[in-house]
Amino acid sequence: MLFPPDFLLRGDCGTNPDQVGGHGLESMRNRKRNFIYYLPCPSLLRPERDRLFPTSRSYRILSLIALFLVFLPTPVPAMVISKDTIWQGRVDLADDLLVAPGAVLTLRPGTEVVILPSASNRVAPEFISPMNEIIVRGRLRAMGSESDPVVFHSVGPGGEWGGIIIDASASVSLRHTVVGNASTAVMILSGRLVAVDSSFTSGRYGVAGFGRGAEARLERCLVSGNDYGIMRFSGAVIDTATSQVRDNRRADESAVDLPGIVADVAAPVIPPLARGVRRISYKNEVLTGDTVWQGVVRVAGLLRVAADSRLIILPGTVVEFSRIDRNNDGLGEAGIQVLGTLIAKGTPKKNIVFRSGEKEKKPGDWDAVNILGSDRGRNLIEYCRIENACRGLQLRHANVGVSHCRFVDNFRGIQLQDSLARIDHVVFFHNSSAVQARDSEVEFIANRILDNVNGANFFRLNLKAGGNVFANNLLNGLRIREGTSLISNNRISANRFGMTIVNCYSARFRANVITGNLEAGISCRRVDNIEIIGNFISANGIDGLRMVDSRAMISGNLINANGARGLRLDRFSGIITGNNIVLNRRYQVGVDGPVAVDARGNWWGGGDLDQEIYDGHDRGGVGMVDTSSPLDTPVVITWPLGDILAKVIWAGRINIAAGVGPLTVVKGAALELVPGTTVGFAAGAGLKVYGDITAAGLPGKRITFTSAGDKKAMSWDEVGIERSMGSRIENCDFEYGTWGLHCHFVPITVRGCRFVHNDGGIRFRSGPMDINGNLFRDNRIGIRGFMPEAKIRGNEFLRNEIAIFVRQGGHGMTIRDNNFLGTKRYDIRLGDFNTEDVAAEENWWSSTPLIFDALREPGIGRALVKPRREIKVRVGPWP
């Protein structure tokens, strides 16, 4: 390497040799051209200069070359600022920048920071996005002036850099500063922004805060020319009272609570370590042969497992790592490097724990468990908890099985490359990045990726991913780039971006539930030869399915209730057919590019497609949408999962398959059925609601719960509701079930419904229930109550074997103003344990009431049926 002579360096060297994060690096500002460079310190160069250039002639020639090079702007590589640093002039950032905890980066007036486009797909675990970014975990002070502002911008169009990211309770102060051309100018994950007389412009987002740990105060600032100006997610506080937020393309200021999903991520409690437990300590050592660990192991350095050696860790072992950070970059250096084989098999009750050994633990306290070149036999990591690492588990050229583990509070949970891995039943929780993989073959099965900043990022994989939950992640739920993929039966909910697919040319996405994501449910760019079939794409904040420069087969999906468009298409050339596309708020389909769209043979819910399709009829230069041959009835789409963990909206025709039932709506989740929906249950299937269900049909658009097979009683199970406080059942039809509706401790009104050809119509305990204006026809039992608190009024009971059966505690039930016709055994039958009287006055009976009470079995209560109505109650009409 050729270095400039020392006189060129001494002109304006900084005083801190570590100010750009390397050893012996200094800055020099060329005053005439106002550039800033990072060059080796002269004190380190003189011996090397004297050795390489013994003659003055060669030295002078090279000095002239170096003088020329100084006047060229020099990009700054990826770096960590670990000590107080001052920038002035122009800085070209060719990669990511991290301001480490405890460090302060100060930018003087007139500083220009130019962010170059990212040249790599790699994302180091301490960073957030694949774009170049400035992440602050210490302090950043941009102190511009009115005449010499500080400027951050990229050299390309908007969105080519990641912006300034505030993390780990950091603080950023901006004065007379311009931040432009960023995906998000300032993103606050945890910390505080104070901006005065500054502007945030020409990006996708101006300022975005995530959660209650994000705070910002903008004084006399301008937020303009972005897609979105100010975004407050999940309780973030951003004060813009004295600022102007205007002329942003889609929204100036928005506050959004990510809906979240209900997920139990509680971990087994680690019991205190008993006295006398075996303790082992290691520093920089190499393990050979077979080594067995049990008890407490302390690692205070880099511990290597040699090739052809094995490290075996027994259940209940706790491995603790000392925090060693020699370069003050905030990233620990202690870890384990496995060149042989690692067997770490805990049990459900005795997890193996890898964690920081510090009293105050935090992400990045230690490096990783590295498995490198260990592909001759399979490494096993089971029932382990890995916490507080930079990379919890790093795999390269390895064959690994990871099962029933938990990765919590790491910068990255798992990172793998050039490996063969099966990862199943693993929880990734509260990491900056859950998992990142490239150039590997991966089975990713039944994992839960929850509450991370970024979820899963897969690049150039042969990937099979099924049965996973990607939810509550601040940015991406699932991101796939290149490679081949089979993605099925996953739940992707409540992320900022649901599933993003880029540059894929062979992939299948089947039977996934993609709902409640803040922006797009599925976003595809430059994809071909992919199938999107049988998915539920619902209630996403902006677009359900976004396709750019892509070709795909899109069929058999429910695309409904998305915030703007069901499908947003730009230069899309595939086929869209056999889908249910309904109730998207602005457009069912919106076209942005010039290519015509084939959308024949879909069900549109009977809407006005002239108003619900945005294409060349609405704006010149964009393609037309062919919606000919629309379907008269909805396509039958099978629900693919066994539970509902968030809010889900159903429309059209939904089937619940055999083996799934009962499909469970968990506590805290909600199921909404839009008017006109039909739910078909296979034999034995049913619905169990511990959260809330809203099934509010209309007289002309009833909701139907029916059998997907035989049309006879007991062909499916029931709709059961347990302790729900916010459910509605109106204008619904329940037919061919074991019980139509079964409620326990549910305050609810059931109105305008039909219960027909069931073994039983309604069965309930407690209440209070208001059963009003319903038809019970051709059931074995119409209503069955146990310890009931209910008003039964305005209903018609027709040809039931038993109309009403009061098992016990009937004093809380009132039966009034109903019609009883054609009952086969009993209009009212009191149970053998019911000792209370039941009020049943003012009903109309087509013949003498058929009553089983104390008159037939002494010791039980009476059904008090007098006085009786002489005129039939007006109910219905029933279609």
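The values are calculated or read from the model by the stated rules, or taken from the named source; none is laboratory data. Here the structure is a predicted model, which means the values were calculated and not measured. Please note: Cβ atoms are built from the backbone with ideal geometry, for glycine as well, and neighbour counts cover all protein chains shown. Each accessible area value is taken on the protein alone, full model and side chains, heavy atoms only, with ligands, DNA and RNA left out. Shrake-Rupley method; radii C 1.70, N 1.55, O 1.52, S 1.80 Å.
Could you tell me whether any residue of region 397-409 is modelled with pLDDT under 95 and of a type in the set (Asp, Glu)? No, region 397-409 contains no residue that is modelled with pLDDT under 95 and of a type in the set (Asp, Glu). Among the conditions (1) under 22 Å from residue 730 (Cα atoms); (2) without any contact (Cβ under 8 Å) to a residue 24 or more places away in the chain, residue 656 misses just one, which is (2). Checking each residue in region 586-610 for being over 25 Å from residue 655 (Cα atoms), open to solvent by 20 Å² or more (accessible area, probe 1.4 Å) and in a loop (DSSP other than H, G, I, E, B) picks out 586, 592, 594, 595, 596, 608. Within region 171-216, the set of residues being under 30 Å from residue 431 (Cβ atoms), more than 28 Å from the chain's Cα centre (by Cα) and open to solvent by 10 Å² or more (accessible area, probe 1.4 Å) comprises 173, 194.
Show me the strands (runs of 3 or more DSSP E) found entirely inside region 339-425 where at least 1 residues are in contact (Cβ under 8 Å) with a residue 60 or more places away in the chain.
Hits in region 339-425: 352-356, 384-387, 391-396, 406-408, 412-417.
Sub-8 Å Cβ pairs linking a first residue in region 482-506 that is of a type in the set (Lys, Arg) to a second residue that is open to solvent by 10 Å² or more (accessible area, probe 1.4 Å) and in a strand (DSSP E or B), at least 6 apart or interchain, are 491/469; 496/476, ordered by first then second residue.
This table checks each residue for (1) more than 18 Å from residue 641 (Cα to Cα); (2) among the hydroxyl-bearing types (Ser, Thr, Tyr); (3) open to solvent by less than 10 Å² (accessible area, probe 1.4 Å).
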| site | (1), (2), (3) |
| --- | --- |
| 503 | yes, no, no |
| 508 | no, no, no |
| 512 | no, no, yes |
| 524 | yes, no, yes |
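Listed here are the residues, each with its yes/no results for (1) buried (at least 24 other Cβ atoms within 10 Å of the Cβ); (2) under 20 Å from the mean Cα position of the chain (by Cα); (3) under 20 Å from residue 526 (Cβ atoms); (4) without any contact (Cβ under 8 Å) to a residue 60 or more places away in the chain.
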site	(1), (2), (3), (4)
544	yes, yes, yes, yes
548	no, no, yes, yes
551	no, no, yes, yes
554	yes, no, yes, yes
560	yes, yes, no, no
564	no, yes, no, yes
570	no, no, yes, yes
573	no, no, yes, yes
577	no, no, no, yes
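Taking residue 715 as the residue in question, decide whether it is of a type in the set (S, T, N, Q) and surrounded by fewer than 19 Cβ atoms within 10 Å (Cβ to Cβ). In short, no. For region 466-499, the set of residues classified as open to solvent by 20 Å² or more (accessible area, probe 1.4 Å), closer than 24 Å to residue 127 by Cβ, in a strand (DSSP E or B) and not acidic (Asp, Glu) consists of 476, 479, 481, 483, 497, listed by residue number. The single condition among (1) touching a residue at least 60 places away in the same chain (Cβ under 8 Å); (2) of a type in the set (A, V, I, L, M, F, W, C); (3) closer than 26 Å to residue 333 by Cα that residue 86 does not meet is (3).
Residues in region 805-828 that are more than 22 Å from residue 874 (Cα to Cα) and assigned to a loop (DSSP other than H, G, I, E, B) were compared, and the one that is most open to solvent (accessible area, probe 1.4 Å) is 824.
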